[in-house]
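Shown next, in structure tokens, is the structure this report addresses.
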Amino acid sequence: MRFAVVAFPGTWSDWDCIHALRDLGQQAERVWHRESDLDGYDGVILPGGFSYGDHLRCGAIARFSPVMQAVSRLAERGRPVFGSCNGFQILCEAGLLPGALLRNHSLQFRCQPQYVRVERADNGFTAACEGGQVLQLPISHGEGAYHAAPDVLRELEETGRILFRYCDETGALSDDANPNGSLHDIAGVLNAQGNVLGMMPHPERASDPLLGGTDGNLLWRSIIERWG
């Protein structure tokens, strides 16, 4: 597959994503946010960082970059769009995913290994996983508390669009295992079509044994198997 890894002013996980994808034999290219044509790509990655210095709100300015119209067109064609951390925030601001990411309830920046539970494996982003499987992926954010209106949360639950939840190492949910106060322990959500995923954890930082784990590769392999 040929992936566009989008970089905005302030993005800082772009090369991590490129490294992870290239290690799996994929084409991955850094695309500057002023590009308006992604027709030659099979999928898009919106990496983590602090686009535009998080001015106004995280992702609020990045949503107006020319590349986001191209990202929307690619998503409409059913191609995979994945956003991690700041990428998740941008997808919510751009209306490609519901909800919003608010300040961590602790009012502290959280940078740590984190357990997440795979809620379903019949999806293009988790096909290489098992339902209920616990992954360990790093988090690194100050505004990662997922919030949405009650009716939106109900729809996400009823339609199986919550793909990851924060948990402990056994898969159990609890306030102690939730690092930011996300409602329903949500760590990642899908769009209605199932081809756009946003999540706060960083799979690219768990894609090499030198980084302490390779659970993140399960997401990359799933995308490749489903859309490759």
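The values are calculated or read from the model by the stated rules, or taken from the named source; none is laboratory data. None of the values given here were measured: they were computed from a predicted structure. Cβ sites come from the backbone with ideal geometry, for glycine too, and all protein chains shown count toward neighbours.
Within the range 195-209, track down each residue that is part of a strand (DSSP E or B), more than 8 Å from the chain's Cα centre (by Cα) and farther than 17 Å from Gln136 by Cα. Spell out the reasoning first.
Restricting attention to the range 195-209, the residues satisfying the condition of being part of a strand (DSSP E or B) are 196-199, 208.
From what's left, more than 8 Å from the chain's Cα centre (by Cα): 196, 208.
Answer for the range 195-209, where residues must be part of a strand (DSSP E or B), more than 8 Å from the chain's Cα centre (by Cα) and farther than 17 Å from Gln136 by Cα: just Val196.
In the range 160-169, what residues are surrounded by 14 or more Cβ atoms within 10 Å (Cβ to Cβ) and part of a loop (DSSP other than H, G, I, E, B)? Lay out the reasoning, then the answer.
So in the range 160-169, the residues surrounded by 14 or more Cβ atoms within 10 Å (Cβ to Cβ) come out as 161-168.
Result: Arg161, Cys167, Asp168.
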Being at pLDDT 95 or above and surrounded by 16 or more Cβ atoms within 10 Å (Cβ to Cβ) narrows Ala148, Ala192, Ala172 down to just Ala148
Quick one: in the range 18-41, which of the residues that are touching a Lys or Arg at 6+ places or on another chain (Cβ under 9 Å) and touching a residue at least 60 places away in the same chain (Cβ under 8 Å) is nearest to Gln89 (Cα to Cα)?
Ala20
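Residues that are over 23 Å from Ile162 (Cβ atoms) and part of a loop (DSSP other than H, G, I, E, B): does the range 70-93 have at least one?
Start the filter on the range 70-93 by keeping residues that are over 23 Å from Ile162 (Cβ atoms), which leaves 70, 73-74, 77.
After this cut, where a residue has to be part of a loop (DSSP other than H, G, I, E, B) as well, the list is 77.
Yes, some residue in the range 70-93 is over 23 Å from Ile162 (Cβ atoms) and part of a loop (DSSP other than H, G, I, E, B).
Just the residues that are part of a loop (DSSP other than H, G, I, E, B) and more than 17 Å from Ser207 (Cα to Cα), please, taken from the range 107-126.
If we filter the range 107-126 for residues that are part of a loop (DSSP other than H, G, I, E, B), which is where we start, we get 107-109, 119-126.
Within the range 107-126, Leu107, Gln108, Phe109, Glu119, Arg120, Ala121, Asp122, Asn123, Gly124 meet the criteria.
Going by the conditions given, is Glu155 over 22 Å from Asp215 (Cβ atoms), at pLDDT 95 or above and among the charged types (D, E, K, R)?
Numbers: over 22 Å from Asp215 (Cβ atoms): yes; at pLDDT 95 or above: yes; among the charged types (D, E, K, R): yes.
In short, yes.
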Selection from the range 127-145 of residues that are buried (at least 16 other Cβ atoms within 10 Å of the Cβ) and not in a strand (DSSP E or B)
Ala127, Ala128, Cys129, Gln133, Gly142, Glu143, Gly144
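Just to check your reading of the model, which residue among Arg34, Arg63 is of a type in the set (Lys, Arg) and either in contact with a His (Cβ under 7 Å, 6 or more places away or on another chain) or not in a helix (DSSP H, G or I) (or both)?
Working: Arg63 fails: either in contact with a His (Cβ under 7 Å, 6 or more places away or on another chain) or not in a helix (DSSP H, G or I) (or both).
The match here is Arg34.
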Return the residues of the range 170-194 that are aliphatic (A, V, I, L, M) and part of a loop (DSSP other than H, G, I, E, B); say none if nothing qualifies.
Ala172, Leu173, Ala177, Ala192
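Hey, among Gly59, Gly99, which residue is buried (at least 20 other Cβ atoms within 10 Å of the Cβ), within 30 Å of Pro150 (Cβ to Cβ), modelled with pLDDT under 95 and not hydroxyl-bearing (Ser, Thr, Tyr)? Step through it out loud before you land on a result.
Details: Gly99 fails: modelled with pLDDT under 95.
Just a single option satisfies the conditions, and that option is Gly59.
Yes/no matrix, rows are residues, columns are (1) farther than 21 Å from Pro203 by Cβ; (2) crowded, with 24+ Cβ neighbours inside 10 Å; (3) among the small types (Gly, Ala, Ser); (4) out of contact with any Leu (no Cβ under 7 Å at 6 or more places or on another chain):
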| position | (1), (2), (3), (4) |
| --- | --- |
| Arg2 | no, no, no, yes |
| Trp12 | no, no, no, yes |
| His19 | no, no, no, yes |
| Gly25 | no, no, yes, yes |
| His33 | yes, no, no, yes |
| Asp37 | yes, no, no, yes |
| Asp54 | yes, no, no, yes |
| Arg63 | yes, no, no, yes |
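In this structure, is Leu56 part of a loop (DSSP other than H, G, I, E, B) and under 14 Å from Glu93 (Cα atoms)? First the steps, then the outcome.
Details: part of a loop (DSSP other than H, G, I, E, B): yes; under 14 Å from Glu93 (Cα atoms): yes.
The answer is yes for Leu56.
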